[in-house]
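Participant: Got a structure here, written out as structure tokens. Questions coming.
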Amino acid sequence: MDTFSAYLRDIGRYPLLTKDQEIILARQVKDWIEGENPSPRIIKRGERAYQKLVNCNLRLVVSIAKRYTNKCKRSELSDLVQEGTMGLAHGVKKFDPERGYALSTYVYWWIRQSITRYLATYDRVIRLPSHAVELLTKLRNWTPIFENTHHRKPTIEECAEYCKISPSRLQEYLDRSNDAISLDARVKSTDDDVMLIDSVSSDVDVFDEVSWGIDLEKVESILCKLEPRERYVVECSLGLGTQPPMTFQAISKELGISRERTRNIFHGSVRKLRVYFRTVDRI
């Protein structure tokens with residue numbers, strides 16, 4: 001049995017926690033991290049609670065990491081699990097049990113962020129600097145808006161103007177991304193397909209400001225600003241409420257629309273949320 005197989009066997013020993021157990025342990029972690037001059041007893045109790053929350057959610061890390069193995073042949077599953085575990089550990093420390101969200105829903109995005117940033121930044125399959133990946137992400141989100149307005153595809157010059165770089169530099173990024181792996185490549189091998197550009201873009205561009213902004217109460221308070229279908233897509237994508245996060249493909253089946261249309265609704269809704277989010281912060 002290899003080392004990673006032994007690891008998978010070992011983490012199976014940790015039991016799944018009930019919601020009540022998670023709340024109790026998370027409160028102990030919060031007392032340890034946020035308490036003023038915590039006593040040695042509170043520190044020790046908090047450290048034990050933190051380690052238990054991490055250990056009992058390691059299987060979630062493996063489950064999420066497996067969804068990305070087809071994306072990057074050079075990345076071993078163990079590498080992705082290691083990155084995801086760091087995201088899990090950070091999410092456990094940030095988790096607020098009083099908000100009413102399940103721990104698994106909250107840490108899901110921290111795990112996913114760590115894995116996708118690792119893929120975007122370090123893996124040789126994507127031979128682009130992370131800022132170039134983010135730039136291409138923004139371009140992909142903007143292109144459907146341009147096409148809907150002008151009823152045609154934008155030229156390379158128009159794309160470069162939007163990105164505030166030269167056409168030659170943009171073409172270089174596009175060529176390099178195509179040489180490495182198409183940003184439209186299907187990368188998931190389980191229940192449905194996910195585009196590489198989706199997994200790279202959403203984490204950096206969307207969830208940092210919304211889901212990972214910690215203040216999820218603000219997100220819920222402004223969701224009413226969205227149209228019913230927009231709200232449904234955002235809630236399902238982020239896993240807000242009691243339901244687990246859903247993929248664009250799964251949501252599109254529920255709504256009877258294409259996956260691409262669902263993705264556009266999601267990103268358009270997030271842009272609206274950012275505007276409302278900034279407004280709320282200024283009040």
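Participant: Taking the Cβ-Cβ separation of L16 and S39 as r and a Förster radius of 22 Å, what is the calculated FRET efficiency to the nearest 0.05?
Facilitator: Using R0 = 22 Å, I get an efficiency of 0.10.
Participant: Could you compute the FRET efficiency for R59 and E98, with r as their C-beta to C-beta distance and R0 at 30 Å, rounded to 0.05?
Facilitator: Calculated value: 0.70.
Participant: Another question about this same structure. Could you list E158, E235 so that the one with the fewest beta carbons within 10 Å of its beta carbon is first and the one with the most is last?
Facilitator: E158, E235
Participant: Something else about it: Which residues among the stretch 3-26 fall inside the zone where the amide N is under 15 Å from a point 7 Å beyond the Cα of R48, along Cα→Cβ?
Facilitator: Once the point is set 7 Å along Cα→Cβ of R48, 24-26 turn out to lie under 15 Å by backbone N, inside the stretch 3-26.
Participant: May I pose another question? Would you order R48, R67, R13 from fewest to most other beta-carbon atoms within 10 Å of each residue's own beta-carbon?
Facilitator: So the residues, fewest neighbours to most, are R13, R48, R67.
Participant: If you don't mind, another one. Give the lysines reachable from K66 as a straight Cα distance under 17 Å; neighbours fewer than 8 places away on the same chain don't count.
Facilitator: Filter leaves K188.
Participant: Arrange W109, W142, W32 by Cβ neighbour counts within 10 Å, fewest through most, would you? Mind dumping the intermediate values first?
Facilitator: Numbers: W109 23, W142 16, W32 20.
Lowest count first: W142, W32, W109.
Participant: For the modelled label position 7 Å from the Cα of H151 along Cα-to-Cβ, which residues of the stretch 247-278 have backbone nitrogen atoms closer than 11 Å?
Facilitator: none
Participant: Each label point is 7 Å from the Cα along the Cα-to-Cβ direction; what then is the distance between the points at D31 and Q171, in nm?
Facilitator: It works out to 6.5 nm between the two label points.
Readers should treat all values here as calculations from the given coordinates under stated rules, not as data from a laboratory. A quick note: this is a predicted structure, and the numbers were derived from the prediction, not measured. Cβ sites come from the backbone with ideal geometry, for glycine too, and all protein chains shown count toward neighbours.
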